[in-house]
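Some notes on the structure that comes next.
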Amino acid sequence: MASVLAWCYEHEVPIVPRGGGTGFAAGAVPLDGGVVLCLERMREVRAFEPLLWRICVEAGLSTAEVRRLARENGLFFPPDPGAAEQSQIGGNIATNAGGPHAFKYGATGAWVTGLEAVVPPGEIVAVGGPIRKDVAGYDLKSLLIGSEGTLGVITAAWLRLLPAPEATLPVVAFHGGVPAGCRAIEGVLGAGLTVAALEYLDGGALAAAGGSFPGGVPPDAGFMVIAEADGTRPEAGRLRGDLMEALGPGALAVRAPIERAEVEALWRWRDGVSIAVEARRGGKVSEDIVVPLDRIQEAIEETVAIGSRHGLKACSWGHAGDGNLHSTFLVAPDDSGQLERAASAAEELFELAARLGGSISGEHGLGWVKRGQLARQWSRRALELHEALKRVFDPKGLLNPGKKRA
């Protein structure tokens, strides 16, 4: 890997790192030729120390494989992006991928204690390691996390693990519409319940995906909330009861699966929502804005209104606990007019996120799709520092050019 990058840098050939190719922001797509560095064969587990709750893996191992290795040894790697079976740990670190359980446990970067990366002009550097605390210098590890392959190519990572929770008990509540559903979310947050996940689907997303929901959806449902309790069996059981109490007022139905097969079926269904929504029209433009929790109802409703203004069906679902919406505009993929209107709708959506005090991206990253959008939420000086940092790591601008640009 280092020798390839060194050759490319010497001959001024662009380098595009590629993991599982599951990203939503075209971050792994070469824009103007160059060399694609595919990490999929870097699959070695370099160290696994269950008694010390840590593992060191190469970048090409899938996130699901890391989770299975941990689980087989009574441990838990919390990050769970929707494409965990296909996405690779290096790519998840490079985008700082999230997922439903990031609400309690944080995004992928929160579980990285050390990184190995290849940086221009072709040198291997190690930052951090198996230790959990290190303030000996600038936090270079955190600069590489979420850098989307623009500062270096991540080749291996030390990850911390946790003892696996004894029980995971979800509660699903169906409400008539957005206001009632958001009141239920506020009820969970206001009660101070330390849930592992707090998800939602609006009426459009529920209409698209609800047909395959285990147990069926009440006919008048226009909003769904999924919350999950975890911990020891007594802890999870008590929290499950608290969740049913918090989500119950005004609900059309509340369900609380207990059997492991039912719980796994629920989360498989949740992972498939994006595909089900896309199937409604054959294509979609989906963004991942973040808004403050007290503005989430406004953002959900405005997503649909923005779509309507551009002549498009729109819906959203996502991570209610941390204000991260997957706002989506449905398109026919062969209709250039719809695609243009969806691009304009996305611009309006980014402006909404910035106006509400949020972010244009919570977990997908800027990639190429959101190029030029960072100025909506950062000051001029912050943008200058952003671009200066890129030049320090990559003075020739050859690492994943055109991506994560302010």
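Readers should treat all values here as calculations from the given coordinates under stated rules, not as data from a laboratory. No experiment lies behind these values; they were computed from the predicted model shown. Methodologically, a virtual Cβ is constructed for each residue, glycine included, from the backbone with ideal geometry; neighbour enumeration extends over all protein chains shown.
Overview of results
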{"quantity": "Inter-label distance for E262 and S336, nm, one decimal - labels placed 7 Å from Cα along Cα-to-Cβ", "calculated": "5.3"}
{"quantity": "Computed Rg/Rh of the stretch 167-274, alpha carbon atoms with Kirkwood Rh", "calculated": "0.94"}
{"quantity": "Prolate/oblate/rounded label for the chain (Cα gyration tensor, a/c 1.5)", "calculated": "oblate"}
{"quantity": "Linear extension gain, R43 paired with A6, 0.36 nm per residue minus alpha-carbon span", "calculated": "11.1 nm"}
{"quantity": "Footprinting exposure proxy for M42, M244 (fewest neighbouring C-beta atoms within 10 Å first)", "calculated": "M244, M42"}
{"quantity": "Amide H contacts under 5 Å for H326, placed H, 5+ residues apart", "calculated": "W317, G318, H319"}
{"quantity": "Dipole-positive endmost among A343, A276, A332 within the chain (Cβ charges, Cα centre)", "calculated": "A343"}
{"quantity": "Whether the stretch 281-367 is rounded, prolate or oblate, judged on the alpha carbon gyration tensor where a/c under 1.5 counts as rounded", "calculated": "prolate"}
{"quantity": "Of all DSSP beta bridges in the chain, antiparallel share, percent nearest 5", "calculated": "90"}
{"quantity": "The stretch 35-58 versus the stretch 154-171: alpha-carbon centroid distance in Å", "calculated": "15"}
{"quantity": "Stretch in the chain that is longest and holds no GluC sites (Glu not before Pro) that DSSP places in a loop and that have at most 11 other beta carbons within 10 Å", "calculated": "13-258"}
{"quantity": "For the stretch 1-69, the Rg and Dmax computed from alpha carbons only, in angstrom", "calculated": "15.2, 47"}
{"quantity": "The stretch 257-283-the stretch 190-220 distance, computed between alpha-carbon centres (Å)", "calculated": "10"}
{"quantity": "Table column - 3J(HN,Hα) (Hz), the stretch 48-62, Karplus curve with 6.51, -1.76, 1.60, x for Gly and Pro", "calculated": "9, 10, x, 5, 9, 6, 8, 8, 10, 10, 7, 5, x, 5, 6"}
{"quantity": "Per-residue HN-Hα couplings for the stretch 191-202 [Karplus 6.51, -1.76, 1.60; θ = phi - 60°; Hz; x = Gly/Pro]", "calculated": "7, x, 7, 8, 7, 6, 8, 9, 10, 8, 9, 7"}
{"quantity": "Backbone HN-Hα couplings from phi across the stretch 207-219 [Karplus 6.51/-1.76/1.60, Hz, Gly and Pro as x]", "calculated": "5, 6, 9, x, x, 9, 5, x, x, x, 10, x, x"}
